1. Quick one: which helices (runs of 4 or more DSSP H) sit completely within region 268-358 and have at least 1 residues that are more than 30 Å from Lys180 (Cα to Cα)?
2. State which residue is farthest from Gln249 (Cα to Cα) when the search covers only region 168-194 and only residues that are without any contact (Cβ under 8 Å) to a residue 12 or more places away in the chain and assigned to a helix (DSSP H, G or I).
3. Among (1) over 25 Å from Lys265 (Cβ atoms); (2) over 22 Å from the mean Cα position of the chain (by Cα), which single condition is His342 missing?
4. Filter region 93-102 for residues that are modelled with pLDDT of 80 or more and open to solvent by 30 Å² or more (accessible area, probe 1.4 Å); which is nearest to Val326 (Cα to Cα)?
5. Are there any pairs, at least 6 apart or on different chains, whose C-beta atoms fall under 6 Å, with the first in region 81-99 and among the charged types (D, E, K, R) and the second part of a helix (DSSP H, G or I) and surrounded by 17 or more Cβ atoms within 10 Å (Cβ to Cβ), and if so, which?
6. Name, by its number, the condition in (1) touching a Ser or Thr at 6+ places or on another chain (Cβ under 9 Å); (2) at pLDDT below 60; (3) open to solvent by 80 Å² or more (accessible area, probe 1.4 Å) that does not hold for Ala224.
7. Considering only region 334-344, I want to know if a residue exists there that is open to solvent by less than 10 Å² (accessible area, probe 1.4 Å) and hydroxyl-bearing (Ser, Thr, Tyr).
8. Out of curiosity, is Pro301 under 22 Å from Val169 (Cβ atoms) and open to solvent by 10 Å² or more (accessible area, probe 1.4 Å)?
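The values are calculated or read from the model by the stated rules, or taken from the named source; none is laboratory data. Not measured: the values here are computed from a predicted model. Note that each Cβ is placed from the backbone with ideal geometry, even for glycine, and that neighbours are counted across all protein chains shown. Side chains included, ligands, DNA and RNA excluded: accessible areas come from the protein's heavy atoms. Shrake-Rupley method; radii C 1.70, N 1.55, O 1.52, S 1.80 Å.
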Amino acid sequence: MFSQENFTKHTVSKGENITIIAKKYGVKPKAIIEANPNSPKILKLHSVLLIPTTQQTVLTPTRENVIPVVNPSTHEVLAKETLWGISKKYKVAVDDLKKANPIIETEGLKPGQQINIPSNAVVISDKPTTYADDLKTKIQPQTEDVEVSREVLPKETKYKIAKEFGITVAELEKQNPEIKAKLPVGYILKIKTSKEKADVFNASKPAEEIKNTLNKPVEIAQTAEINSDSTTVYKFSNSSELIEQLVGQATDNIGVRYRSGGTSKAGFDCSGLMCSTFGNFDIKLPRTSIEQSRIGLKIEPEQAQKGDLIFFKTNGRRQINHVGMVIEVLEDEIKFVHASTHGGVMISSTKEGYYQRNFSQVNRVLQ
């Protein structure tokens with residue numbers, strides 16, 4: 001409905017704040033605050049705000065003209081939820097979440113807390129939409145994916161192929177379940193990707209066919225055999241992207257049960273989870289946690305980064321017997337994904353007394 005008055009009334013809905021409401025009406029947050037001097041900083045559900053109108057006609061949001069936002073502007077923090085988990089859910093960077101919510105840096109995450117999710121979504125449309133339009137917007141992606149056929153060449157890795165099409169290794173395996181165990185040379189992969197990526201792939205086909213008859217495929221990692229007490233570190237041309245995919249691969253297993261000697265979704269033990277995760281990117285780690293603690297470079301805890309391995313001596317043991325992967329580092333806290341005997345694959349923190357007491361070391365195996 002349209003209003004030509006100086007103010008229009010707005011009833012506060014769940015998850016809304018001044019910034020979100022201002023975007024809906026095309027006004028500045030400061031203008032709404034000045035028009036409602038007695039309103040509390042934290043808006044109450046169903047309270048009414050006066051929204052100042054501009055010289056032009058203002059479109060009041062109704063069920064007919066509000067476009068559903070696929071990427072919500074706010075998120076309510078759940079118990080045991082982490083910044084990493086939220087960033088993954090909404091496909092935004094952890095740093096962007098911190099910038100949008102400065103309070104996180106000082107007070108951390110708390111259950112029930114409402115945090116802002118960076119979004120450029122347009123909420124108000126000057127063209128009314130039907131319920132069918134709403135449903136279509138929710139269930140259809142902005143761009144239609146295209147399926148391409150891709151042959152596996154000698155010495156290629158899942159990571160290299162996934163990177164080529166802008167997807168994760170997990171997505172590649174989901175689209176081609178037959179390659180979960182191994183990547184057979186000559187196998188024809190069916191890959192759904194964006195039209196842009198598909199066009200680039202199809203355009204490069206003739207050149208690639210000529211190149212492959214003349215040259216061997218280039219491996220993305222400079223690897224070496226790993227021996228006990230080795231300081232071998234795997235070097236990658238784009239380690240930050242690989243680390244993000246490693247973390248994603250490991251956290252995708254959250255909820256899988258613990259099984260001694262397990263290295264698959266049927267069950268993992270701690271070192272088995274690491275072997276499986278790194279193995280999906282053709283990086284072979286030793287099988288046990290004590291052996292894994294002898295590779296890479298031992299670093300100080302305050303230097304820890306995502307993708308590092310973190311080790312513990314649990315249950316009164318004198319030597320390392322537990323390992324996890326660092327997924328998030330705060331000022332005085334390290335969060336890691338691991339396979340726990342009592343909870344299966346889960347995320348824990350060095351702030352927890354048990355892991356604080358039994359912490360041993362952090363090793364960097366990628367750079």
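1. 353-358
2. Going through the qualifying residues, I end up with Glu178.
3. All conditions are met except number (1).
4. Ala93
5. From region 81-99, the pairs are Lys98/Ile104.
6. (3)
7. Yes; the residues of region 334-344 include at least one that is open to solvent by less than 10 Å² (accessible area, probe 1.4 Å) and hydroxyl-bearing (Ser, Thr, Tyr).
8. Values: under 22 Å from Val169 (Cβ atoms): no; open to solvent by 10 Å² or more (accessible area, probe 1.4 Å): yes.
So Pro301 fails the test.
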